[in-house]
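Chemist: Let me give you the structure first, and then I'll get to my questions.
The values are calculated or read from the model by the stated rules, or taken from the named source; none is laboratory data. Since we're looking at a predicted model, the values are computed, not measured. Virtual Cβ from ideal backbone geometry, glycine too; neighbours counted across all protein chains shown. Note: accessible area is taken over every heavy atom of the protein model, side chains too, but ligands, DNA and RNA are not part of it. Shrake-Rupley method; radii C 1.70, N 1.55, O 1.52, S 1.80 Å.
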Amino acid sequence: FKPGKRIVVDPVTRIEGHMRVEVNIDSDNVIRNAVSSGTMWRGIEIILNGRDPRDAWAFTERICGVCTGTHALTSVRAVENALGIAIPENANSIRNIMQLCLQVHDHLVHFYHLHALDWVDLMSALKADPKATSALAQSISSWPLSSPGYFKDLQIRLTKFVESGQLGPFKYGYWGHAAYKLPPEANLMAVAHYLEALDFQKDIVKIHAIYGGKNPHPNWLIGGVPCAINVDGTGAVGAINMERLNLVSSVIDRCIEFTEKVYLPDIVTIGSFYKDWLYGGGLSGKSVMAYGDIPENANDYSAKNLKLPRGVIINGNLNEVLPLDHADPEQIQEFVSHSWYKYDDESKGRHPWDGITEPNYVLGPNARGTKTDIKELDEGGKYSWIKAPRWRGNAVEVGPLARYIVGCAQNKPEFKEPTEKLLKTLGLPASALFSTLGRTAARALECEWAANQMRYFQDKLVARIKAGDSSTANIDKWEPESWPKEARGYGFTEAPRGALAHWIKIKETKIDNYQCVVPTTWNGSPRDPKGNIGAFEAALMDTPMAAPEQPLEILRTIHSFDPCLACSTH
Ligand code: NFC
């Protein structure tokens, strides 16, 4: 390995989709240049042209099976916005529960199954003392699965698994890497929770299966939700009855308990051993954006009615949260000067209502290799299937950390208090939030918030049903004859990975243009015409690597965003 050499990580694994990272390091092994690329394209925006807008949710939902349902929700909101369709209160509660359920599921799966092994050394767990592991687990939580025998049994199973030589998904981990800091007992406890979360996550998605018919890719509906409520037991139709409502309720209780007794204590324990590793802040201390989501009341998407915060912070000015307007052509624009698409004038960005998606796969003059076997990308030319979205020309970070930063800047106690409490427990200053670890911690805090909000909307739904309201859909404007000749609209959500919006133009009852600007499009964005780098690239800068031929630090920071490349390139 030669200092100064370019390091290529391709594919980046334990993410969704196809991603490549290249970095340059100095002789001191510190990253001085970072390049992130989405290496596969989907073309869903083009597939949508000419189709019935009422079907758009089902196509866009297939952009991704991980953030399953979130594109569908964004899509039905965009069509409802274009056609002026209002939904019933019960539909709003059920949509919120589905979206919050996705947050909880994604955050748990992301932490335990995609990210934890960047901090947890699986092999070191074999050396743990089960008794000491039990004492550690009982000192941090009242979670019942914590006896010495429980950890002993697990260790025996794990040892057999390792001795079999068939490590499966764990085969290529950088076990024993100098950047791992946990003692064996903390590693063993975390491995136990990895397995428990793997088992539990299949129960969480039952909420989607009940309200949306299945998971992944639950069903949605323009004008409401497709599940009918039948609580008196007499009707032939109606999937939602008391037994189903009680099952949803019990899963919600378990989500709250698992987050509070397992996930959050693990974050504190693991975080306490990595307090000195505060790299990876990137854009988070500078420019962040949140659209807001989870409307308290149906049909009002203004900031005051949204339970997740909305606004933009630019250049680290936490004293001013700027307002957002998805319809303003000057605010959100996508650039393609470094993306594999074509515009007439690539020095300019395009607002999504006027967005163009025309593929154009060419490599920059300094790329090495061929189009089908790239050795090194040229970041001076086109190098990614991800477009470069900007807010008033600024690259921004989106996601749970961005939401918590905006919420804290707005002095919202439900975001500020848990954040301050966590920082205090770890003995860290507020600035520590702007880091890889901060991103990981914000996701855990948000998981707890989302689980409790699910309880709130489930109770609200049950109270309305008890009061006699079983309405879940409004079909007044279902027939295209009732639509105007031309219409345009947008819908937005806060997907688990960040701010998501779709823009639609409808002409003669068919889709005339459809554009999605997705969380990982923001975070994984390549450079723009002015050379501004995106959130992934910014977060990798200035990170020292303990052993560059085993790029654990790159994975740690990239994983902290929970990238979804299928979404980003759509
Ligand atoms: Ni796929 Fe996504 C869509 C993304 O919005 N990025 O959280 C959401 O995937 O995971």
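Chemist: Give me the residue from region 160-173 that is surrounded by 14 or more Cβ atoms within 10 Å (Cβ to Cβ) and not aromatic (Phe, Trp, Tyr) and, out of that set, nearest to residue 200 (Cα to Cα).
Modeler: In this case the residue turns out to be 167.
Chemist: Which of the residues that make up region 148-159 are open to solvent by less than 60 Å² (accessible area, probe 1.4 Å) and farther than 18 Å from residue 197 by Cα?
Modeler: Of region 148-159, the ones open to solvent by less than 60 Å² (accessible area, probe 1.4 Å) are 148-149, 151, 154-155, 158-159.
Residues satisfying the conditions are 148, 149, 159.
Chemist: Take the conditions assigned to a loop (DSSP other than H, G, I, E, B), near the ligand (Cβ under 9 Å from one of its atoms) and either hydrophobic (A, V, I, L, M, F, W, C) or touching a residue at least 40 places away in the same chain (Cβ under 8 Å) (or both) and apply them to residue 562. Does it pass?
Modeler: Details: assigned to a loop (DSSP other than H, G, I, E, B): yes; near the ligand (Cβ under 9 Å from one of its atoms): yes; either hydrophobic (A, V, I, L, M, F, W, C) or touching a residue at least 40 places away in the same chain (Cβ under 8 Å) (or both): yes.
It is true that residue 562 is assigned to a loop (DSSP other than H, G, I, E, B), near the ligand (Cβ under 9 Å from one of its atoms) and either hydrophobic (A, V, I, L, M, F, W, C) or touching a residue at least 40 places away in the same chain (Cβ under 8 Å) (or both).
Rundown of residues vs (1) over 22 Å from residue 460 (Cα atoms); (2) without any contact (Cβ under 8 Å) to a residue 24 or more places away in the chain; (3) surrounded by 16 or more Cβ atoms within 10 Å (Cβ to Cβ), yes/no style:
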{"residue": "202", "(1), (2), (3)": "yes, yes, no"}
{"residue": "210", "(1), (2), (3)": "no, no, yes"}
{"residue": "220", "(1), (2), (3)": "no, no, yes"}
{"residue": "271", "(1), (2), (3)": "yes, no, yes"}
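Chemist: Yes or no: region 66-86 includes at least one residue that is within 13 Å of the ligand (Cβ to nearest atom) and surrounded by fewer than 24 Cβ atoms within 10 Å (Cβ to Cβ).
Modeler: yes
Chemist: Scan 114, 122 and give me the residue that is over 16 Å from residue 218 (Cβ atoms), surrounded by fewer than 21 Cβ atoms within 10 Å (Cβ to Cβ) and under 26 Å from the mean Cα position of the chain (by Cα).
Modeler: 114
Chemist: Anything in region 341-392 that is farther than 19 Å from residue 6 by Cα, basic (Lys, Arg) and surrounded by fewer than 17 Cβ atoms within 10 Å (Cβ to Cβ)? List them, or say none. Walk me through it before giving the result.
Modeler: Applying the first criterion (farther than 19 Å from residue 6 by Cα) to region 341-392 yields 341-362, 372, 385-392.
The next check asks that each one be basic (Lys, Arg); those that pass are 342, 348, 350, 387, 390, 392.
Of everything in region 341-392, those that are farther than 19 Å from residue 6 by Cα, basic (Lys, Arg) and surrounded by fewer than 17 Cβ atoms within 10 Å (Cβ to Cβ) turn out to be 342, 348, 392.
Chemist: Here is a further query. Kindly list, by first and then second residue, each pair from a residue in region 93-104 that is without any contact (Cβ under 8 Å) to a residue 12 or more places away in the chain to a residue that is assigned to a helix (DSSP H, G or I) and within 13 Å of the ligand (Cβ to nearest atom), limited to pairs with Cβ atoms under 7 Å and residues at least 6 apart or on different chains.
Modeler: Within 7 Å, no pair qualifies.
Chemist: Can you tell me which of (1) open to solvent by 10 Å² or more (accessible area, probe 1.4 Å); (2) in a helix (DSSP H, G or I); (3) of a type outside the set (Asp, Glu); (4) within 16 Å of the ligand (Cβ to nearest atom) is the one residue 463 doesn't meet?
Modeler: All conditions are met except number (4).
Chemist: Does region 400-432 hold any residues that are at positive phi and out of contact with any Ser or Thr (no Cβ under 9 Å at 6 or more places or on another chain), and which are they? Spell out how you get there, then give the answer.
Modeler: Within region 400-432, the first condition is being at positive phi, and the residues that meet it are 411, 427.
Hit for region 400-432 is 411, nothing else.
Chemist: Taking residue 448 and the conditions (1) closer than 25 Å to residue 204 by Cβ; (2) in contact (Cβ under 8 Å) with a residue 40 or more places away in the chain; (3) open to solvent by less than 40 Å² (accessible area, probe 1.4 Å), which numbered condition does it fall short on, given that it satisfies the others?
Modeler: Looking at each condition in turn, residue 448 falls short on (3).
Chemist: Pull out all pairs, ordered by first then second residue, where Cβ-Cβ is under 7 Å, the residues are six or more apart or on different chains, the first lies in region 305-331 and is free of Cβ contacts under 8 Å to residues at least 12 places away in the same chain, and the second is open to solvent by 60 Å² or more (accessible area, probe 1.4 Å).
Modeler: That search, which allows pairs on different chains as well, returns 305/297.
Chemist: If you don't mind, another one. Among the residues of region 484-504, how many are in a loop (DSSP other than H, G, I, E, B) and surrounded by fewer than 24 Cβ atoms within 10 Å (Cβ to Cβ)? Talk me through it step by step, then tell me what you get.
Modeler: First, pick out the residues of region 484-504 that are in a loop (DSSP other than H, G, I, E, B): 484-485, 496-497.
Keeping just the survivors that are surrounded by fewer than 24 Cβ atoms within 10 Å (Cβ to Cβ) gives 484-485.
Qualifying residue count, region 484-504: 2.
Chemist: Specify the residue that is farthest from residue 407 (Cα to Cα); the eligible residues are those in region 479-500 that are away from the ligand (no atom under 16 Å from the Cβ) and under 32 Å from the mean Cα position of the chain (by Cα). Before the answer, list the steps.
Modeler: First pass over region 479-500, keeping only residues away from the ligand (no atom under 16 Å from the Cβ): 479-489.
Pick out the ones that are also under 32 Å from the mean Cα position of the chain (by Cα) and you get 487-489.
Numbers: 487: 33, 488: 30, 489: 27 Å.
Ranking the qualifying residues of region 479-500, first place goes to 487.
Chemist: Collect the residues in region 393-412 that are open to solvent by 10 Å² or more (accessible area, probe 1.4 Å) and out of contact with any Gly (no Cβ under 9 Å at 6 or more places or on another chain), keeping them in residue-number order.
Modeler: If the condition is that a residue be open to solvent by 10 Å² or more (accessible area, probe 1.4 Å) and out of contact with any Gly (no Cβ under 9 Å at 6 or more places or on another chain), then 394, 408, 411, 412 are the ones that fit.
Chemist: While we're on this one: Could you please tell me which pairs satisfy a Cβ distance under 9 Å, a separation of 6+ or placement on different chains, a first residue in region 13-31 that is without any contact (Cβ under 8 Å) to a residue 24 or more places away in the chain, and a second residue that is among the hydrophobic types (A, V, I, L, M, F, W, C) and crowded, with 19+ Cβ neighbours inside 10 Å?
Modeler: Sorted first by the residue in region 13-31, then by its partner, the pairs are 24/31; 24/34; 24/35.
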